[in-house]
1. Is it the case, given these coordinates, that Lys198 is more than 25 Å from Leu48 (Cβ to Cβ), in contact (Cβ under 8 Å) with a residue 40 or more places away in the chain and in contact with a helix residue (DSSP H, G or I) (Cβ under 8 Å, 6 or more places away or on another chain)?
2. I need the full set of residues from the range 114-157 which are of a type in the set (Val, Ile, Thr) and over 25 Å from Ala76 (Cβ atoms), in order please.
3. Condition (residue is of a type outside the set (Val, Ile, Thr) and under 16 Å from the mean Cα position of the chain (by Cα)) applied to the range 133-150: is it met by at least one residue?
4. Filter the range 121-138 down to residues that are at pLDDT 90 or above and among the small types (Gly, Ala, Ser) and give me whichever is surrounded by the most Cβ atoms within 10 Å (Cβ to Cβ).
5. Looking at Ser56, is it assigned to a helix (DSSP H, G or I), within 12 Å of the chain's Cα centre (by Cα) and within 23 Å of Ala107 (Cβ to Cβ)?
6. Out of (1) exposed (fewer than 12 other Cβ atoms within 10 Å of the Cβ); (2) more than 30 Å from Ser43 (Cα to Cα), what's the single condition that is false for Thr142?
7. Quick one: is Leu69 within 20 Å of Ala180 (Cβ to Cβ), part of a helix (DSSP H, G or I) and of a type outside the set (Lys, Arg)?
8. Identify, from the list Ser173, Ser87, Ser190, the residue that is at pLDDT below 90, over 28 Å from Leu51 (Cα atoms) and surrounded by fewer than 16 Cβ atoms within 10 Å (Cβ to Cβ).
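The values are calculated or read from the model by the stated rules, or taken from the named source; none is laboratory data. Remember, predicted model here, so these are calculated numbers, not experimental data. Cβ placement follows ideal geometry from the backbone for every residue including glycine, while neighbour counts extend to all protein chains displayed.
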Amino acid sequence: MEQALAGHDGLGPSLARGFFFGGARLGLYTPIKSAIMGGNSSSASFELKVLSGSLSGGLAAAVTSPIELVKTRLQAAGKTPGAQKTSMGVIRAVMAADGVAGLWKGAMPGLFRSAILTASQCATYDEVKRGVLNYTGWSDGTHTHFTSSMIAGLVTTTITNPLDVIKTRMFVSGGRYKGALECARHVLKSEGPIGFMK
């Protein structure tokens with residue numbers, strides 16, 4: 001399997017991350033919201049929805065960050081001379097250089113990004129859907145879900161893109177930046193505010 005996916009620029013880790021990360025962050029949202037509300041999640045305030053999304057997204061990112069690191073390094077391997085071309089090769093190289101903790105390099109921007117992503121996506125979707133149902137008189141059908149999803153997607157993408165830029169640059173930097181703030185300062189200085197929307 002490893003050899004079969006070696007030439008596909010991170011396809012294997014991408015699929016694994018999508019399965020585990022997406023399932024965990026979205027799957028944990030409602031149970032966390034219900035736990036916070038004591039089982040009555042239907043009356044949750046917007047703030048509690050944001051908190052529930054932040055917790056589910058952050059937890060999912062913390063668990064799957066090593067998969068994200070491997071995926072990103074494999075995607076960048078074609079442009080990096082001598083870079084590892086397989087998942088196990090990347091894992092061995094990272095652990096040799098930085099130990100087990102190295103697998104979580106760049107995890108904090110990813111964790112914050114995931115918390116903000118899930119909070120903005122789920123809370124916005126919940127609120128927009130409620131508004132659409134109240135103001136349009138539509139039923140809870142496909143057109144309501146589509147409209148709510150489009151608006152939530154626009155909000156989520158706008159909010160999370162700067163964090164995506166920082167996270168990706170930290171993953172492939174090879175230790176160039178000491179932290180997310182240094183990386184953000186470098187982007188701002190070299191490319192201006194528009195650099196965060198690449």
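1. For Lys198, the condition - more than 25 Å from Leu48 (Cβ to Cβ), in contact (Cβ under 8 Å) with a residue 40 or more places away in the chain and in contact with a helix residue (DSSP H, G or I) (Cβ under 8 Å, 6 or more places away or on another chain) - is not met.
2. Result: Thr118, Thr124, Val128, Val132, Thr136, Thr142, Thr144, Thr147, Ile151, Val155.
3. There is no residue in the range 133-150 that is of a type outside the set (Val, Ile, Thr) and under 16 Å from the mean Cα position of the chain (by Cα).
4. Across the range 121-138, the extreme among qualifying residues is Ala123.
5. Yes: the conditions hold for Ser56.
6. It fails just one condition, (2).
7. Judged against the criteria, Leu69 is a match.
8. Going through Ser173, Ser87, Ser190 in turn, the sole match is Ser173.
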